[in-house]
Amino acid sequence: MITADHRAIRLAENVEVGIYHAAEFEARAHRMSSARWTGAVLPSLLHSAAEATGLRLTAAASRAKSRLPDYNSSRAGSAEIATEILFDSGFCKPNEKNLSRRAVHEHFKGLRDRREPVRLGLPLFSRKPISPLKNRGPNPDLAEIASILRCHTVAKMLSHVHDSAAQFVIYADGHKYRRACGTPATVVAAYQADLLYWCHQLGLTDLVQIVDYEKAVCASLGDAGSARREARFQEICADLRGQLGDLFCPVNLIDSLSRVEAASDTGQQVVIVFRSIVTSVYYEADGLGERVRRGEGRAQELYLEFVRKLRVGWPSAPRDHLLPQLCREAWEAAIRYTAISLTDRELRMWSRLNPEGLKLTIHGKPSEIQFRPTGSEFLSMTAQHSVGGLKQGPRGAKVTYEYLLQRETSRQIPVLLSGNPGDAPVDSTIARLIAANQPICYLASEESNPEMLLHGKIDIYD
């Protein structure tokens, strides 16, 4: 199984040029006012979404007509077209083994007969990991903006055919998983606030809701149920450490992970999680996470050194004492992450939160629909683990999703927002981007005219 973090690790191993140092970053940056971003770029994104809604809705109706025998139907009605919307490969990766067309069709027929609204639920948008491989700041950027628009487009199409407003609920799970990865609560809270800001700026709140997963869970369980959930989480953590802890060795990483995988199905799951979050942990050893967050060059180099050696290991020498410590932190994070998932699965939390809805997911599993939250060629690439960018395409500028390391090793242009002197005070979301000196997006390095690329037609779809 090749996860997004596998690709990040391989990228770190193979790059010859690192991320920009401070002077180079400033020299290459293109600055634009926040007013121009909201007044020119956001409308282009909305126009792209509206255009795609009509085109893909027509295509879904056409596919429904051609598949009438599969639906045992004489006409392509709302349930048939709605099913084809969720089997559009531009938005989803259909897998009949996980959830069949017939089952989705029956779901929509039932909603129509009962005159109930369509409800989709998607766990997404945990946070931007504090990682020099992936991001140059903790705030949402063009990647999240375009990803939210993709969710809205699906909801808009379903609303057209179902004759009632669809509810696309995004369960932001940063507070759920910060217990594993250690991301500061303030970072998660600001990230969620900024997601809501962009939703309001784009006018998407009619169909898209962003809900804090942990708040929804605690409201569903109540105080006593939440306490039992926490106790069960701690029990599973202890069980996993008891079963697998002696097999793990941070100095002999490769062999020990093989032993853990061979031990049990649960061991395989923990190893998959370890490899999936090792470049997303907020490392405490030597204050590495906080130092990376502050943009310290030496801390970023150390982080990349650690990642480069993950697949080859390191000698047990005094100068390398920090690397096994980081590895141990990642292992403990994987144990906690796995325990969180097992606990909520055992409690059937999803059925509590979204009892009448369809569950979308990034990694397809039985009874779920695999959703493509970005237009990346890598289906599991998410906005929070990447940086949004623009490159020239056949229909104008195309939104792209890449790791920070990819963007800066290919010498792309960071776009920074600014408030012009005399302008009204910027909103807190914009202020956070400016204070962090974090790009709102990157432009492909071959683009010679940033202004033309930023203010022309933009395509957020494939």
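Here are some notes:
- Within the straight-line cut-off of under 24 Å between alpha carbons, the lysines reachable from residue 359 are 93, 97, 109, 128, 156, 176, 215, sequence neighbours fewer than 8 places apart in one chain being disregarded.
- Cross-link reach list, aspartates and glutamates versus residue 398, counting only Cα pairs under 17 Å and skipping chain neighbours closer than eight places: 51, 141, 144, 377, 446, 447, 451, 459, 462
- From most to least packed by mean Cβ count within 10 Å, the peptides 269-277, 159-167, 121-129 give 121-129, 269-277, 159-167.
- Per residue, in Å², the accessible surface of the stretch 216-315 once ligands and nucleic acids are set aside, probe 1.4 Å: 47 Å²
- Between the stretch 363-412 and the stretch 34-102, the alpha-carbon center distance in angstrom: 19 Å
- Kirkwood estimate for the stretch 80-168, i.e. one over the average of 1/r between Cα atoms, Å: 14.9 Å
- Computed over the chain: relative contact order in percent, which uses C-alpha pairs under 8 Å that are six or more apart: 27 percent
- Debye intensity ratio in log₁₀ form over the Cα atoms of the stretch 92-246, taken at each q of 0.15, 0.17 Å⁻¹: -1.00, -1.14
- Projected over all directions and averaged, the alpha-carbon convex hull of the stretch 245-299 occupies 4.5 nm².
- Per residue, the convex hull spanned by the Cα atoms of the stretch 164-288 measures out at 164 cubic angstrom.
- The mean of 1/r over all distinct Cα pairs in the chain, once inverted, gives the Kirkwood hydrodynamic radius of 23.4 Å.
- Cα gyration tensor category, rounded, prolate or oblate, for the stretch 276-411 with a/c compared to 1.5: oblate
- Here is the list for the stretch 63-126: GluC sites (Glu not before Pro) lying in DSSP coil, each with at most 14 other C-beta atoms within 10 angstrom of its C-beta, are 96.
- Area projected by the alpha carbon convex hull of the stretch 148-220, averaged over all directions, nm²: 5.6 nm²
- Accessible surface of the chain [probe 1.4 Å, protein heavy atoms]: carbon and sulfur percent: 51 percent
- Overall Cα dimensions of the stretch 336-410 - principal axes, largest extent first, Å: 46, 30, 17
The values are calculated or read from the model by the stated rules, or taken from the named source; none is laboratory data. Just so you know, these numbers come straight off a predicted model, no measurement behind them. With ideal geometry, Cβ positions are generated from the backbone for all residues, glycine too; neighbour counts draw on all protein chains shown. Heavy atoms of the whole protein, side chains included, go into the accessibility calculation; ligands, DNA and RNA do not. Shrake-Rupley method; radii C 1.70, N 1.55, O 1.52, S 1.80 Å.
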